[in-house]
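> Dropping a structure here in structure tokens format, bear with me for questions.
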Amino acid sequence: AARLFRLLGLHPGPDVSGPAAASLAGVPPARVGALLDELIRAHLLSEHVSGRYTFHDLLRAYAAEQAHARDSDGERQAAIRRLLDHYLHTAHAAALLQEPPRDPLALAPPFDGVTPEPLADDAQAAAWFAAEHRILVACVPLAAEAGLAAHAWQIAWTLMTSFSRLGHWDDLATSQSIALEAARRADDLAGQAYAHRFLGRVRALLGRHEEAYGHLRQALELFRRLDDPAAQAAVHVGLVREFERQHRPGEALEHAKQALELQRSAGYRIGEAIGLNNVGWCYVQLGEYREALSWSEQALALHQQIGYRPGEAYTWDTLGYAYHHLGRYAEATSCYTQALALYRRLEDRYEQAETLSRLGDTQAAAGDRGAARESWHRALAILDELHHPDADALRGKLRGPATPLGRPSPSPDRTTGTTPAP
């Protein structure tokens, strides 16, 4: 118990779960409960919520001091490695539950004594990410400072889906920047490529499009050097977004078709479905709405056949936008309603706001201004919670005549470096 107390001083805080404490100490999870209870009885720890433990900052400092005094450098480094392995392997499995198309990373086996936490589905993964949010953010600089560059960028990799859904873009930007610097120091090309790619995604979400474009171009060059066509396809999808922002739909369409061809050549069906919808969205931007329907209807059928709910949601949204511009408002409303139901199940707040905004546009065009304002207000409430710059444009819409907002992206950067299953 005294050893566990000392090692908890190395944990980045603010609290720790029982399974993470077990991996930190290198003991079986079934044994750690008795050790934690002993520390609670000694008033050194408290269980502030069920299954999560913390201690006063002064006790944390004392524990760390004792670890440096009593435990060797090797023992402390091994404990930090076990801790980072625990979070990396659990987060990696959780990220794949949240977005199955993501290509699993080739992780090194967990260190002796590490027991990753078992998670069954997307809901459990989302709950775990929420509970461990601050700790996971702190693990990226902890890994970088410990000289574990692969852990730094791989943990940052695991955060993208969960943090994007909830709008934690500043945390993502910080984590990916640290990951990029760690990968550069270690001359890790894969780590640099992924960090550039995700920084491109995050900078775009934060409205910093020149930086986003620069990161995406660097990611594309690195993935070409690594001969990773599926990852190249994912970067092309990010570039679709940036050319769209620059009102260059022809170039956006070129990148969308390159991404689709790369995914088809890899035999990856989810990537193909996402690519079909991205091409459809580009045709929307070109004003070719019937052509857009053709591509996105193919995407919808494939997404439903595969059972990939995020892709189905994005495609319903694209179909709604195309139907709106064809003046088929009832069909557009039905498509947006389908998309919203899926986004709520996925707890994707940002995409809910975007679809609500476009649903309001359709309701206004159909003559139901009251319903439109209700949808826009719901969208604005979410964007304000996320501190997103699109909120200002939506406020302007509520003050004036109904004019449709441009859509940031059909499914921005959703082909997350996937490769076909064996």
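> Return the label of the correct value of mean projected area of the Cα convex hull in nm², as calculated from the structure shown, out of (1) 22.9; (2) 21.1; (3) 18.4.
It is the value labelled (2).
> Where the accessible area of segment 1-114 is counted over protein heavy atoms with a 1.4 Å probe, how much of it, in %, is carbon and sulfur?
Looking at segment 1-114 in its full context, I get 56 percent from C and S.
> How large is the accessible surface per residue of the chain, computed with a 1.4 Å probe and reported in Å² as a whole number?
Per-residue accessible area for the chain comes out at 40 Å².
> Please express the shape of segment 51-181 as an equivalent ellipsoid: the semi-axes are the square roots of 5 times the eigenvalues of the C-alpha gyration tensor, given largest first in whole angstrom.
After scaling each eigenvalue by five and taking roots: 25, 16, 16 Å.
> If we count every other residue with Cβ under 15 angstrom of Arg290's Cβ, Lys/Arg +1 and Asp/Glu -1, where does the sum land?
Charge balance in the 15 Å sphere: -3.
> Quick one: putting +1 on the C-beta of Lys and Arg, -1 on the C-beta of Asp and Glu, what dipole do you get for the chain around its Cα centre, in Debye to the nearest 20?
Numbers: 43 positive and 52 negative charges, 75 e Å.
That gives the chain a dipole magnitude of about 360 debye.
> Among Tyr343, Thr315, His377, whose Cα sits farthest toward the positive end of the charge dipole of the chain (+1 at Cβ of Lys/Arg, -1 at Cβ of Asp/Glu, about the Cα centre)?
Ranked along the dipole, the leading option is His377.
> Efficiency by 1/(1 + (r/R0)^6): what FRET value for Arg224 and His325, r their Cβ-Cβ distance, R0 = 51 Å, to the nearest 0.05?
Efficiency, from the Cβ-Cβ distance: 0.90.
> Right, another one. For segment 1-66, state the semi-axes of the equivalent ellipsoid (square roots of 5 times the eigenvalues of the alpha-carbon gyration tensor), sorted largest first and rounded to whole angstrom.
16, 13, 11
> Ranked by accessible surface with a 1.4 Å probe, highest first, in what order do Lys257, Lys397 come?
Numbers: Lys257 85, Lys397 5 Å².
Heavy-atom accessible area, descending, gives Lys257, Lys397.
> If you roll a 1.4 angstrom probe over the protein chains with everything in place, what fraction of the accessible area of segment 151-224 belongs to carbon and sulfur, to the nearest %?
Using a 1.4 Å probe with all protein chains present, segment 151-224 comes out at 46 percent carbon and sulfur.
> Taking the simple approach of a point 7 Å from Cα along Cα-to-Cβ for both Ala30 and Glu261, what is their distance in nm?
Once both label points are built, they end up 5.8 nm from each other.
> With r defined as the distance between the Cβ atoms of Glu75 and Thr174 and R0 fixed at 30 Å, what FRET efficiency is calculated, to the nearest 0.05? Before the final figure, lay out the partial values.
Values: r = 30 Å, r/R0 = 1.00.
Approximately 0.50, to the nearest 0.05.
> Ignoring everything except DSSP H segments at least 4 long, calculate the 222 nm mean residue ellipticity for the chain; use -39,500 (n - 2.57) per segment, divide by total residues, nearest 500.
-24000 deg cm²/dmol
> Translational D (Stokes-Einstein, µm²/s) of segment 123-258 at 10 °C and 1.306 mPa s when Rh comes from the Kirkwood sum over C-alpha pairs?
105
The values are calculated or read from the model by the stated rules, or taken from the named source; none is laboratory data. Every value quoted in this text rests on a predicted model; they were computed, and no experiment measured them. Reconstructed Cβ throughout: ideal geometry from the backbone, glycine too, with neighbour counts over all protein chains shown. With ligands, DNA and RNA removed, areas are computed over all heavy atoms of the protein, side chains included. Shrake-Rupley method; radii C 1.70, N 1.55, O 1.52, S 1.80 Å.
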